[in-house]
Every structure is written in structure tokens, then in C-alpha cells.
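The values are calculated or read from the model by the stated rules, or taken from the named source; none is laboratory data. Keep in mind that what you see is a predicted model, and the values were worked out from it rather than measured. Note: ideal-geometry Cβ built from the backbone for every residue, glycine included; neighbour counts use all protein chains shown.
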Amino acid sequence: MNGKLLSSFILRPLRADPARTALTALAVALGVGVVVAIDLAGAAAAGSFQSSLETLLGRTDFEITANGGVNEVWIGRLAALDRNARYAPFIESRIVIDGVGTVALYGVDLFAQEKVSFQGPAAPSDPDHAAVVSSALAARVGLAEGSRIAAFQVAAVVPAKDVEFLLLDIAAAQKALGTYGRLDRIDVTLSPGENAEHVEREMRALLPPSYTIAKSGTRGEETRKMLRAFRWNLRVLSFISLVVGAFLIYNTISVSVVRRRPEIGVLRALGAGRQLVLWLFLSEALMFGLVGSIAGLGLGRVLAEGVTGLIALSVNALYTSSRPAAIGLSWETAAMGLIAGTFVSLLSALAPAREAMRVEPVEAMGRGAHEHAARIRWRRDLAWGGVLAAAAVSCSFAGPVDGKPFFGYLAALLSIGAAAMCAPALVLAVTGLSRAAVRRCFGAEGMLASRSLAASLSRTSVVVGALATGIAMMASVGIMVGSFRETVLVWLDSQLRADLYIRPLGRSGAGQFPPLAPALPGLVAEVNGVEAVDVFHGLEIRYRGERATLGAGETEIVRRFGRLRFLDGDRDAILRSLQGADRALVSEPFSNKHHVRVGDAITIPLGDREASFTVAGIYYEYSSERGFVILDRATLLKYLPDQPPTNLAVYLRPGADPATVSAAIQTRAADQMIAIARNASLRRDAVVIFDRTFAITYALEAVAILIAILGAANSLLALVLDRRRELGLLRFLGASPRQIMRMIVLEAGFLGVLANLLGAALGFALSFLLIYVVNKQSFGWTIQFHPPLGLLAAALTLVFCATVAAGVYPARAASRLRPIEAIREE
Amino acid sequence: MKVELRNVSKKYETVEALRGVSLACEGGTVTALLGRSGCGKTTLLNLAGAMDVPDSGEVLIDGESTASLTEMQLTVLRRKRIGFVFQFFQLLPTLTVLENVELPLLLAGGRGTEGRARERLAWVGLDEKARAMPHQLSGGQMQRVAIARALVHAPDLVIADEPTGNLDTASGERIMELLADSARKFGAAVLIATHSAEAAAVADVRVRMRDGRIEAVDPS
Ligand SMILES: Nc1ncnc2c1ncn2[C@@H]1O[C@H](COP(=O)(O)OP(=O)(O)OP(=O)(O)O)[C@@H](O)[C@H]1O
Ligand SMILES: [Mg+2]
């Protein structure tokens, strides 16, 4: 292509109009920035799978695990296989140390570790009290070899700057945790040359069928798999800004085509081919795409810093405990950002560039004629809108693909397209119907504003479409989160019926169940004012290759005091049927994820047995996507007699004061590290976590809205520039500068109202998709529809005000035009 | 109503568009400005219509200098006392014919203005086109609408810049008659810039300009 032509025909106009050029590039940069930031932060928040501990312990080949723990006798039996392999015990938990806080605790065969060098005389002589600490912990607490931490003496400090942990010998760890004879895992390391397949087959034959043998590293893989839907949803959400940005590019290129129709006509008359014209305008878009995307990469890297913490929070609350890894701008992410930004820019420029291509050489048509064409097309657009809407509806009935709500998102995209296609008809309808009222309320300025919007129909429609998309995203996510919040509140109320909840002290994330002392329930039950104690055992299990939570409680107490809500069936009868029987409850997400219905049998490996349970009921559950299986406590203990309790729910006698009873329990269990939470504070905490989890979605919406508002400002500015002559004329006819300003601000207001109307309608449609299709398919839970109307009204008003504010700069520019100069331009 | 230019000069960058021009227009008279392209007619009209202020000299409207008025006072002056007609009609394409005529009244914040607009439209003979859009009219009809618009608020001063420049002779004559009528019937001071001698024939006073100066005034 001719570089000179490009520079004079495309670059010069861009330079001549720096505000609009900058706004468009900024929109692309923001869109790409958000996509890049979410991608980087998502990867970082998913956690570093190769922890420094793993580095320290070295490579292993297999991991042997079992629901409810691995019996340590198997180490000896495996060693008897006579293979060149090492079988290392592993325990993983957390303990709370006075003055130090929660620390990860690992039990390993401490003195077999090659990479730990023990210095000082004390350590190996007393394995029960020797501890190895990570340098991070040592630095924070001020430990050195020989110093004491809790009941242990530091035998070595190992380099690990990013994690705090305490490494004990296996027996010491079992003693500290009260889990004698049990391991969390056996790590199998083969000597070089040993045949992995043979070893695996022999171990399989030896170990109980309920034990799992997995290649090492599958845990990280599992976590990634578990987070897949979550990250995918987040990523889709992040693309919204880019979609809104696409409207802006479309708008900018359209304006540039419309303005230069006569010039294009001249170019064509001088012998330029259609392809050249097409490429000229595509290269304009390419320029915006490239410049914006490159700026977006930098922006994304910066934004990622802020976003990672937020996402990590959701991951911890909903999935698994992880710690964010370092953020790195990988080549893949950078390429993805660049390609996405450039591709979206080119795609959105395609229609206007084709329009330019079709300009005939003789054509010197003005805008009027072009807009006339747009006016005629509104019927066709409306028909297309209907077609797209119908397609969206049919997509919403399709099931998930590979666990992802692919068709749900397709339906959302189609709905956005449908709304955009309806925009011209809406603009004409609203400006037409409000004619008299607008003239009465806003006089000449109102009349002129409304007419000029209807006159530049295609441009108005694009702005309304972009703003409406932003608003709809905000509204739909707002409705979804609001409904979810209300649903969770109602659910919390049915779920949390006890007065006090007791768990081990310290932090723990999803999937972690530190034990309570077995004697504790008895102690608590004797405290004055306690009516009943529900002893709960939680443990992480594997079910069909996916992690889930197995819980067991006193179903009789739940029946008497609780209000557990079931999808179907009589609560009382379901809970009664559970007692002591091989029957189980499953949570709604579990039921959806594994396609389990009431009456089905589920087989869960427990200890060294395969236990089979009949599903008695499916209950509503929103705390975690991983899924729950609930047994009666007696049933669990039948299979895992040593399983320690992990939580207690304490019901008080009528009239008993929770604070007093709580204090009494603390005194009784003074030597135990327990945390007692009152019902109200637990609910409050749950809501706080919920709100923090969704903070990120609000941030994403804010960016989408911001881009849409940039679009409105951009478009109004173009409108002002194109109507200079008309604005000058109005001054001749007696309009004051203030009236000109008012007129442009009113146009902005009109855009805001139109966009709010379309956006709210689209928003409700999208919220249905989010709640009943996307959420259901991604997470498996049913959210009840509770639109937060007050919040929505406030948000829409805010967007409206922002749109009006976006009109202020163009309005000032318009009011400052010098009328005699403006009118001279013909 | 009296508009008076006293020794007025105006310079655009390097071009001296007006050099010491003095001229007075009275209510009820039609004054025609003649001269070749670039001699300063439009510049003079803009000054007389208070759309611009001179670099030196004064423009007095009923004895008051336009340079001493604020932006708002100038706007009020235009709303109440001045009407403009342009060579390229300058109708707003998005408004109906009637709304175009009504516009100055609406911008001035008037209510119940439709009647007066219809009256003026009838006066230029286009009452049956009230609901039409401008692009459905011929050039001559558009200019008649523009005249109805310029006169809708009964201004004391009507300024027309080459109102017949884009019209055939017959339509041009009709336009000049209407402008002359507005001076004779409504007592406005009418100031017209034109290239056409036929058009100038209607005027009471003909002012010949050259290179920013007044060359001759007829009758003097
Ligand atoms: N805004 C402006 N900037 C620079 N020069 C100007 C401007 N307006 C007018 N001029 C110059 O001032 C001179 C007088 O211009 P003016 O428009 O008054 O002429 P005119 O008599 O109306 O011409 P025409 O008959 O072509 O309309 C011309 O040389 C013109 O180029
Ligand atoms: Mg002129």
C-alpha cells in the first residue's frame, strides 16, 4: 500500500483531532489492559504449584493417598515389594503457635532429607523435639539454629523465602496433631532404571482398592482443573471491556468514513481501487489496535498487581488454599493481548471500511444522504435483532461443553448483538414519541438535541449500543451478585442454626480440616447452658477423580434444631432415614457435577474400604463449588473410627447467654487451641467474604462502563465537529453560548436515557443467562432471582450522570465556536 | 432603528477587509452593498449585525456601541432586533419548515409561537408547506422560508448576505420583493449584500465597495 497516501489520508486527520484519537486508543488500551490483567492475575492466584517445600523434598514419582488418611503400616508393606524405590511418609497440616500465628506444619522422615544439613549438636539426638524451619519463618520470628519454637528446637533453617513452614519428624508431627498411625500421603520415589509401570501395578495389587495411586504433580493439575471454570468465567468477564471498546472503534472508523466520503469519491475518481480504500481504513483501525494494545500490555501488568490479591481471595474461599505466585508477563499473555486488541479493532472496522469501499467515484454525497440510508435500514436491523434474539434463546437451552457454559456465553453475545440491532428502532421510537414533551420541557435546545440524534441515526445507535452493553453488563452482574447474595443470606439463615461454632484456632482455607481433640465434645457438652452439641467431621476426599468434601454430623440434632433446605422431599423424613444408615446427603453442586440424583448409589473409598451410600436428599449449598457429601456421624465412624472431629456446633438452652457459655467453654478447654464463633459473627464473616469475592467483578464492570462513557464523549465530540456550521447558524438566530452548551449536554442526556433503557432491558436478559445458565452450568448451584432494585436504580443514575458529564467537554467546545467562522465553512 | 458604522476597520491576519468605512442605515430603507468578491461585504454585514466587533472605529446600534455590549446583551440584541438571511439558505435539515421559522422565537424562550410562525410563512406564500422538511423544497422556496425565519420576530434590522446568489432570476426577484416589503411594511432597516444589479435595483440606497472601502453611495 502507498505509504504516502496512508500518511496524508489517515494519519493527518488523526493528528488533527488528537482528543478523539487519544480517546479511541485509550479505550483499546483499557480493554486489552483488563484482559491481560485478569489473565496474569488468574495464573498468579491459582498459586505456585512448585512450592519451595517440593523443591526441598525433591522429585517423587507417585503419591499414595486415601480418603480419611493412609495407614502408616503400608510403608513397611510397600518396602517389602523388593523394588528399588523409596517410600516416604508425609503429613500436612497447620498449627497455631502462641505469638507466631498459624504456621504450615509438615511431617516427613526428617533425617532422610538429603538437602537439609543439620548443624549444631542438639538436633538428631532428640528427634521428637527437632524442627526444621523455613528461612521466611525464621526471619519473621527471629529464629536461629538452637532457638526454641513451641515445644521444638530449631535443628536447621532451610532456604525458602516465600513460605513459612515448620518441618517435623513424622512421629513428632503425629504426636503434635494427635493422629497416631496415620499419614496424609506416601511419596514414592523410584531409583533410576526402575520400571514405573511395574511398580505401580505391584503397588496397586498390594494396596486396598480405596487407596489412590497418582503420578506426582497431579495435585497441581487437579487444582488447575478445579479452577478452570472459575478462571474461564473471569476471563470471559474481562473480555466485556474489549467488546465495549469494539463499539468505539466501529464508531471512530465510521465517523472517519462518513466525513471523508467526498474525499474517497475523489480518490476513487483518480484511479484508486476498492481494495485500496478498504485497506486504508483497516490500517487506521490497525493503528488504533496496535498502539492501544501495546499500551494495554503495560497497563495490564500494573493492574494485575492489584487484582491478584482479590482473585486469590476468591480461590481460597471457594476452592483450595493457595498462595499467589509471582506475576510474570509471559510471551503467551502478551501475544494474546496484542492479538485480541488488534483483532477486535480490525473486526469492528470491517463494516465501516467496506462501506467506504462501496463509495462510487462520482459520489460527493454529504452526511444527509448517508444518514437517510441508515434510516431506511432500521427495519432490516430490527428484523436481524429478532433473529439474533431467537438464536440467543435457543442457545440458552444447550448444556455445558466440557464443564464450561459455552452456549450460555454465546447466548449472551447474541443478546448483545440483538440489542445493538434494536438500537436504531429504539432511538427513532423514543425521539419520535417524546417530541412534544421534549419541546415543552427543554424548549428549542431539547427539540434540536433530539432531532439531531435521530438525524445521525447510525452514529447515535452505535453509541447507545456501546453504552447499553456496558450498562447491561453492570446491571446483569449486579442482579446476579445481588440475587446470589440474597440467596446466600437466606441459606446462611437455614444453615447456621446453632448458637456457637467451635473449630481449631488459626486460618484454614477450603479443603483444609485441622482436627479438634476427640475429648472436646464431651467437655463442651458438660458446660452449663449447653443443650446439644453437633459433632462434625470434615475431610477432603476424592470422588471420581475430583476433590470434594465429606462431612458427617449428628443428623438427629440437625433434624431437631436445623433447617437444612432440600431441593425436594420432606426434610424430617430424609434426615431420619440417614441415622446410622449407609445413606448420604449431597449438595446441589455435587449432584450437578457428578449427575447424582436421589436414590442413586455413590461409592466412596473410605479408609481401606469402598463404601456405598444411597443418596437420600439433595440440599442447597453455596459455600463451595467443590461439592459436599454428608453422612450421619455414626456411619462415618463405622468406616473411619479414628476420624477426629473438626467442628462443633453448640445449641444452647433457652435463656442461656452465648457470651457466658462461650467464656465457660474457653475456660473448660483452656489447654486446647480452639476458636469459638458466635452465630451472628459467623454470618457477618460469611457476608464479608462473599462481598470481597465479588469485588473483582465490580471492578471489571466499572472499566467497561468507563470505556462506554469515553465512547459517548468521543462521539459527541465528533458530532460537534461535524455540526460546526449548524451550531454557528444557531448563534446567528439568537442562541446564546449557554444554549448551545445546554443542547449538547441534553444530547448526552438523551444518549444516557436511551442507553439506560436498552441497557436495563438487556441487563435483565443477561442476568437470566448468568443465573440460570452460566452459574448453574459452571458451579452447579441454583441462585434465586432477587434483583437489587435500589442498587440498580442508583447505578443507572450514576451512569446517566457520568454520560451527561461526558457531554460537558464537547458542549464547552461547541459553545466556544466562533459563529462567523463556523458558518463560512461550506 | 438606526445602524451606524463610524470609520470602521477590520483586519484578518494580514488582509485588511475593511479600511475606515462609515455608513448609516435607517429603518424603513433598503441598503444594497455592491462590489466584487472579497471587497469586504460580508465583513461589513457581520459588524453591522453585531456578530463581530471592529478593530477600530465604532458600530452603533441606536447610538450604542456594539463593542460595549456583553455576550449576553449581544445575544438578546440578535434575538429581539436582528434577522439574518444567507446565500445558502441555512435551514436546519432536521426541523420541519414551520419549526425552522419558529426557531428564533423558541431560542428566545417564547411560548405559543406557532401562530406567529404560520403568519410569516403565509406572508412568504408557503403556509401549505409548513409540515414539509427543507429538502423537499426548491431553492427559491427554501430562501423564502429563510426570510420568514429572519422576520418572524419582527426585527428592526434585516441582514441578507447574497440572498439571491443561488437562485434563478425569477426566484431572486421574489426574494428581493419580500425583503423590500419588510422595510416598507414593517419598517425594518434592510442591509443586503449582492452581486446582482437587478437585485440592487430594488434598494433605496446602493453602496459600492472596493478593497475594503466605500467607493460610491447612490443616491448620495
Ligand atoms: N475569517 C477570515 N479569516 C481570514 N480572512 C478573511 C476572513 N474573513 C474574510 N477574510 C478576508 O477578508 C476579505 C473580505 O472578505 P469578505 O468575506 O468580507 O468579502 P465579500 O465581499 O463578502 O466577498 P464575497 O462576495 O466573495 O462573499 C477577503 O479578502 C477575505 O479573504
Ligand atoms: Mg461574502
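Is there a residue in the range B:19-36 that is in a loop (DSSP other than H, G, I, E, B), within 15 Å of ligand 2 (Cβ to nearest atom) and surrounded by fewer than 24 Cβ atoms within 10 Å (Cβ to Cβ)? First the steps, then the outcome.
Taking the range B:19-36 and keeping what is in a loop (DSSP other than H, G, I, E, B), we get B:27-29, B:35-36.
Cutting the leftovers down to within 15 Å of ligand 2 (Cβ to nearest atom) gives us B:35-36.
Retained after the next criterion (residues that are surrounded by fewer than 24 Cβ atoms within 10 Å (Cβ to Cβ)): B:35-36.
Within the range B:19-36, one or more residues are in a loop (DSSP other than H, G, I, E, B), within 15 Å of ligand 2 (Cβ to nearest atom) and surrounded by fewer than 24 Cβ atoms within 10 Å (Cβ to Cβ).
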### Query
Can A:Arg812 be described as more than 30 Å from A:Phe230 (Cβ to Cβ) and within 14 Å of another protein chain (Cβ to nearest Cβ)?
no
## Note on the structure
Note: among B:Thr43, B:Thr94, just one is under 26 Å from B:Arg116 (Cα atoms) and either more than 16 Å from ligand 2 (Cβ to nearest atom) or within 13 Å of chain A (Cβ to nearest Cβ) (or both), namely B:Thr94
### Message
Going through A:Ala677, A:Ala659, A:Ala702 one at a time, which residue ends up being of a type in the set (A, V, I, L, M, F, W, C) and buried (at least 16 other Cβ atoms within 10 Å of the Cβ)?
### Response
A:Ala677
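Say whether the condition of being without any contact (Cβ under 8 Å) to a residue 60 or more places away in the chain and within 16 Å of ligand 1 (Cβ to nearest atom) is met by at least one residue in the range B:146-167.
Yes; the residues of the range B:146-167 include at least one that is without any contact (Cβ under 8 Å) to a residue 60 or more places away in the chain and within 16 Å of ligand 1 (Cβ to nearest atom).
Does B:Glu71 count as surrounded by fewer than 22 Cβ atoms within 10 Å (Cβ to Cβ) and more than 8 Å from chain A (Cβ to nearest Cβ)?
On the way: surrounded by fewer than 22 Cβ atoms within 10 Å (Cβ to Cβ): yes; more than 8 Å from chain A (Cβ to nearest Cβ): no.
The answer is no for B:Glu71.
Go through the range B:97-112 and give me each residue that's assigned to a loop (DSSP other than H, G, I, E, B) and either surrounded by 19 or more Cβ atoms within 10 Å (Cβ to Cβ) or at the interface with chain A (Cβ under 10 Å from one of its Cβ atoms) (or both). Full working, then the answer.
Filtering the range B:97-112 for residues assigned to a loop (DSSP other than H, G, I, E, B) gives B:108-112.
Answer for the range B:97-112, where residues must be assigned to a loop (DSSP other than H, G, I, E, B) and either surrounded by 19 or more Cβ atoms within 10 Å (Cβ to Cβ) or at the interface with chain A (Cβ under 10 Å from one of its Cβ atoms) (or both): B:Ala108, B:Gly109, B:Gly110, B:Arg111.
Suppose the filter is more than 16 Å from ligand 2 (Cβ to nearest atom), crowded, with 16+ Cβ neighbours inside 10 Å and at pLDDT 90 or above; does B:Arg149 pass it?
Yes; evaluated as a whole, the condition is true for this residue.
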### Query
Quick one: which of A:Tyr622, A:Tyr651 is in a loop (DSSP other than H, G, I, E, B) and in contact (Cβ under 8 Å) with a residue 60 or more places away in the chain?
A:Tyr622
#### Entry: Filter result (of a type in the set (Gly, Ala, Ser) and surrounded by 16 or more Cβ atoms within 10 Å (Cβ to Cβ)) within the range B:113-146
B:Ala117, B:Ala130, B:Gly140, B:Ala146
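Tell me, which residue of the range B:204-214 that is within 11 Å of B:Leu34 (Cα to Cα) and crowded, with 18+ Cβ neighbours inside 10 Å is nearest to ligand 1 (Cβ to nearest atom)?
Step one: of the range B:204-214, the residues within 11 Å of B:Leu34 (Cα to Cα) are B:205-210, B:214.
Still in the running and crowded, with 18+ Cβ neighbours inside 10 Å: B:205-207, B:209, B:214.
Working: B:Val205: 18, B:Arg206: 15, B:Val207: 12, B:Met209: 7, B:Ile214: 12 Å.
The qualifying residue nearest to ligand 1 (Cβ to nearest atom) is B:Met209.
I need a count of the residues in the range B:46-64 that are closer than 21 Å to B:Ala183 by Cβ and either more than 13 Å from every other protein chain (Cβ to nearest Cβ) or over 14 Å from the mean Cα position of the chain (by Cα) (or both). Write out each step before concluding.
We begin by selecting, within the range B:46-64, every residue closer than 21 Å to B:Ala183 by Cβ; these are B:46-51, B:59-63.
Among the residues that remain, those that are also either more than 13 Å from every other protein chain (Cβ to nearest Cβ) or over 14 Å from the mean Cα position of the chain (by Cα) (or both) are: B:59-63.
The number of residues fulfilling the criteria is 5.
In the range A:495-515, what residues are of a type in the set (Gly, Ala, Ser) and either modelled with pLDDT of 85 or more or under 26 Å from A:Tyr698 (Cα atoms) (or both)?
From the range A:495-515, those of a type in the set (Gly, Ala, Ser) are A:498, A:506, A:508-511; that's our starting set.
Result: A:Ala498, A:Gly509, A:Ala510.
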### Message
So the check is Cβ under 8 Å with 6+ separation or different chains; which pairs have a first residue in the range A:708-728 that's farther than 15 Å from A:Asp17 by Cα and within 14 Å of chain B (Cβ to nearest Cβ) and a second one that's not small (Gly, Ala, Ser) and not in a helix (DSSP H, G or I)?
### Response
A:Arg725/A:Glu825; A:Arg725/A:Glu826; A:Arg725/B:Gln90; A:Glu726/B:Leu92; A:Leu727/A:Leu817; A:Gly728/A:Leu817; A:Gly728/A:Arg818
### Message
What's the number of the only condition in (1) in a loop (DSSP other than H, G, I, E, B); (2) of a type in the set (D, E, K, R); (3) away from chain A (no Cβ under 14 Å) that B:Asp181 fails to meet?
### Response
(1)
### Message
Any residue at all in the range A:360-374 that's modelled with pLDDT of 85 or more and part of a helix (DSSP H, G or I)?
### Response
no
### Query
Do the conditions hold for A:Asp499, that is, is it more than 14 Å from chain B (Cβ to nearest Cβ), surrounded by 18 or more Cβ atoms within 10 Å (Cβ to Cβ), among the acidic types (Asp, Glu) and touching a residue at least 12 places away in the same chain (Cβ under 8 Å)?
yes
### Query
Do you know which of the residues in the range A:732-763 that are touching a residue at least 60 places away in the same chain (Cβ under 8 Å) and at the interface with another protein chain (Cβ under 8 Å from one of its Cβ atoms) is nearest to B:Asp52 (Cα to Cα)?
A:Phe732
### Message
Return the pair list, or none, for Cβ contacts closer than 8 Å from residues in the range A:265-278 that are within 19 Å of A:Leu350 (Cβ to Cβ) to residues that are polar (S, T, N, Q), at least 6 apart or on different chains.
### Response
A:Leu276/A:Asn2
### Query
What residue, among those in the range A:728-742 that are surrounded by 24 or more Cβ atoms within 10 Å (Cβ to Cβ) and aliphatic (A, V, I, L, M), is farthest from A:Ala246 (Cα to Cα)?
A:Leu733
### Query
What's the number of the condition A:Thr803 fails, among (1) more than 14 Å from chain B (Cβ to nearest Cβ); (2) part of a helix (DSSP H, G or I); (3) surrounded by fewer than 16 Cβ atoms within 10 Å (Cβ to Cβ)?
(3)
### Message
Looking at (1) surrounded by 19 or more Cβ atoms within 10 Å (Cβ to Cβ); (2) more than 30 Å from B:Leu45 (Cα to Cα), which one does A:Phe785 not meet, given that it meets all the others?
### Response
(1)
### Task
Check A:Ala573, A:Ala532, A:Ala601 and return the single one that is out of contact with any helix residue (DSSP H, G or I) (no Cβ under 8 Å at 6 or more places or on another chain), modelled with pLDDT of 90 or more and either among the charged types (D, E, K, R) or within 21 Å of A:Arg497 (Cα to Cα) (or both).
A:Ala573
### Query
Conditions: (1) of a type outside the set (Gly, Ala, Ser); (2) in a helix (DSSP H, G or I); (3) under 18 Å from B:Cys25 (Cα atoms); (4) within 13 Å of chain A (Cβ to nearest Cβ). B:Arg149 meets all but one. Number of the miss?
(3)
#### Entry: Considering residues of the range A:479-496 that are more than 22 Å from the chain's Cα centre (by Cα) and surrounded by fewer than 17 Cβ atoms within 10 Å (Cβ to Cβ) only, the residue nearest to A:Pro658 (Cα to Cα)
A:Asp493
### Message
Going residue by residue through the range A:9-29, is there one that turns out to be within 30 Å of A:Ile327 (Cα to Cα), at pLDDT below 85 and either touching an Asp or Glu at 6+ places or on another chain (Cβ under 6 Å) or not in a helix (DSSP H, G or I) (or both)?
### Response
no
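Only one of these is within 16 Å of ligand 1 (Cβ to nearest atom), closer than 21 Å to B:Ala200 by Cβ and away from chain A (no Cβ under 14 Å): B:Val3, B:Val30, B:Val21. Name it. Step through it out loud before you land on a result.
Numbers: B:Val3 fails: within 16 Å of ligand 1 (Cβ to nearest atom); B:Val30 fails: within 16 Å of ligand 1 (Cβ to nearest atom).
That would be B:Val21, the only listed residue that is within 16 Å of ligand 1 (Cβ to nearest atom), closer than 21 Å to B:Ala200 by Cβ and away from chain A (no Cβ under 14 Å).
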### Query
With A:Glu221, A:Glu200 as the choices, which residue is at pLDDT 80 or above, in a helix (DSSP H, G or I), acidic (Asp, Glu) and out of contact with any Cys (no Cβ under 8 Å at 6 or more places or on another chain)?
A:Glu200
